[in-house]
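Accompanying notes for the structure given below.
The values are calculated or read from the model by the stated rules, or taken from the named source; none is laboratory data. All figures in this text were calculated on a predicted structure; none of them were measured in a lab. Neighbour counts are summed over all protein chains in view; Cβ atoms, including those assigned to glycine, are modelled from backbone coordinates with ideal geometry. The area values use the complete protein model at the heavy-atom level, side chains included, leaving out ligands, DNA and RNA. Shrake-Rupley method; radii C 1.70, N 1.55, O 1.52, S 1.80 Å.
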Amino acid sequence: MGILDGIKLAAGILAGLAIYHLYAIAVGYPSAAREARAGYVLIAEKTAAEAKAAELERQRDAAAQATEEHRKRLMASQMAEQAARDTLENEIRSYELQLSEKNRACAITAADRDWLLRH
């Protein structure tokens, strides 16, 4: 093998490297594409996890708000029921007082009173 053959071999290697370099520039370096896709997957997974966490937090807040509203409605309902009971008690006392002033007796038994309180 002579010097001329060595130069041809070196020129062939340089031409091959130049062609590969032009191909890599035109198509894109495969390793760079893999790294970019890997980075994209990590970003996509992170975004999905953040979205899931935000949705869970929204659901938790909505459940807490619904529970609080239910508690308030229950408290208002209990207060209204107690007020109705108190009003009924006052009406019964008032009626019994009117009857006693007229020297009449009220024929309401404890069972009647319980029935009235329930209805």
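Out of curiosity, is Gln78 of a type in the set (S, T, N, Q), open to solvent by 70 Å² or more (accessible area, probe 1.4 Å), farther than 30 Å from His21 by Cα and more than 11 Å from the chain's Cα centre (by Cα)?
Spelling it out, Gln78 is indeed of a type in the set (S, T, N, Q), open to solvent by 70 Å² or more (accessible area, probe 1.4 Å), farther than 30 Å from His21 by Cα and more than 11 Å from the chain's Cα centre (by Cα).
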Worksheet entry | Arg104 being open to solvent by 70 Å² or more (accessible area, probe 1.4 Å) and in a helix (DSSP H, G or I) | no
Worksheet item: Within the bounds of the stretch 49-59, is there any residue that is open to solvent by 90 Å² or more (accessible area, probe 1.4 Å), farther than 30 Å from Arg118 by Cβ and not in a helix (DSSP H, G or I)?
Response: no
Discussion item. Any residue at all in the stretch 31-48 that's among the polar types (S, T, N, Q), part of a helix (DSSP H, G or I), exposed (fewer than 10 other Cβ atoms within 10 Å of the Cβ) and out of contact with any strand residue (DSSP E or B) (no Cβ under 6 Å at 6 or more places or on another chain)?
Written reply: yes
Response to the item:
Every listed condition ((1) surrounded by 10 or more Cβ atoms within 10 Å (Cβ to Cβ); (2) of a type in the set (Val, Ile, Thr); (3) part of a helix (DSSP H, G or I)) holds for Ile25 save (1)
